[in-house]
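Let me begin by presenting the structure, written as structure tokens, before commenting on it.
The values are calculated or read from the model by the stated rules, or taken from the named source; none is laboratory data. On a predicted model such as this, the values are computed, not experimentally measured, just so you know. Please note: Cβ atoms are built from the backbone with ideal geometry, for glycine as well, and neighbour counts cover all protein chains shown.
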Amino acid sequence: MVVTSKTAMKNANVRFNYDDYRQLPEDKRYEILDGELYMVPAPNIRHQRVFRELFQALLNHVQEQALGEVLSAPCDVLLSNEDVLQPDILFVGKERLGIIGDANIPGAPDLVIEILSPATRQRDLTIKRKIYARYGVQEYWIVDPEASTVEVLALHDSGYVSAGVCRESDHLASPLLPQLDLSLREIFA
């Protein structure tokens, strides 16, 4: 029996790891989720605007309160050798700043924020949600620019539990950052 290339590809169980990832061209963004390689396309303009406002608001709060550090993509977060992610925005509390390395973050940030886009929506809502919970990211915000909402997910024993869905007219409440008073009207303007 002759094995066709289509059959061989279907049966191949190729898993990517951080060594493979480091050999990829630097002109594009990639992530490895459970050993699967994904290219992350450039976000659209709405995504960029929401990102800018949210990043600046969170950065200002964290700096004013001396709470830790806020970083943004592209920034490699190594949760395992086969889970290398680039969240849109992340926060590491001052007690855990030691996990931030020179080239990457080899460990779970305290907070991860993903801004949904058509190309990444399903991964952000399913695979990444599971991966972030598995490795102990304490809070995961899912920002939907089209619906003008932010869902705040807090980690519990069984995975993430919704701490609420905030709409454009709301102020975001964060169990992790209780002093934060974030007007979503300004974020989604």
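Remarks
- Subset of segment 98-124 (residues that are small (Gly, Ala, Ser) and either at pLDDT 95 or above or crowded, with 17+ Cβ neighbours inside 10 Å (or both)): Gly98, Gly101, Gly107, Ala108, Ser117
- From the list Pro106, Pro74, the lone residue that is in contact (Cβ under 8 Å) with a residue 12 or more places away in the chain, touching a helix residue (DSSP H, G or I) at 6+ places or on another chain (Cβ under 7 Å) and farther than 21 Å from Val152 by Cα is Pro106.
- Qualifying residues in segment 125-176 (those that are more than 21 Å from Val40 (Cβ to Cβ) and hydroxyl-bearing (Ser, Thr, Tyr)) - the one surrounded by the fewest Cβ atoms within 10 Å (Cβ to Cβ): Ser158
- Ile131 closer than 18 Å to Tyr160 by Cβ, of a type in the set (Val, Ile, Thr) and assigned to a helix (DSSP H, G or I): yes
Yes/no matrix, rows are residues, columns are (1) part of a loop (DSSP other than H, G, I, E, B); (2) at pLDDT 95 or above:
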{"site": "Met39", "(1), (2)": "no, no"}
{"site": "Ala42", "(1), (2)": "yes, no"}
{"site": "Gln56", "(1), (2)": "no, yes"}
{"site": "Glu64", "(1), (2)": "no, yes"}
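- Listed by first and then second residue, the pairs with beta-carbon distance under 9 Å, at least 6 apart or on different chains, first residue in segment 19-37 and on the phi > 0 side of the Ramachandran plot, second of a type in the set (A, V, I, L, M) and loosely packed, with under 13 Cβ neighbours inside 10 Å, are Gly35/Val14.
- Single residue of segment 77-97 satisfying the filter (of a type in the set (A, V, I, L, M, F, W, C) and either surrounded by fewer than 17 Cβ atoms within 10 Å (Cβ to Cβ) or without any contact (Cβ under 8 Å) to a residue 24 or more places away in the chain (or both)) that is nearest to Phe51 (Cα to Cα): Leu90
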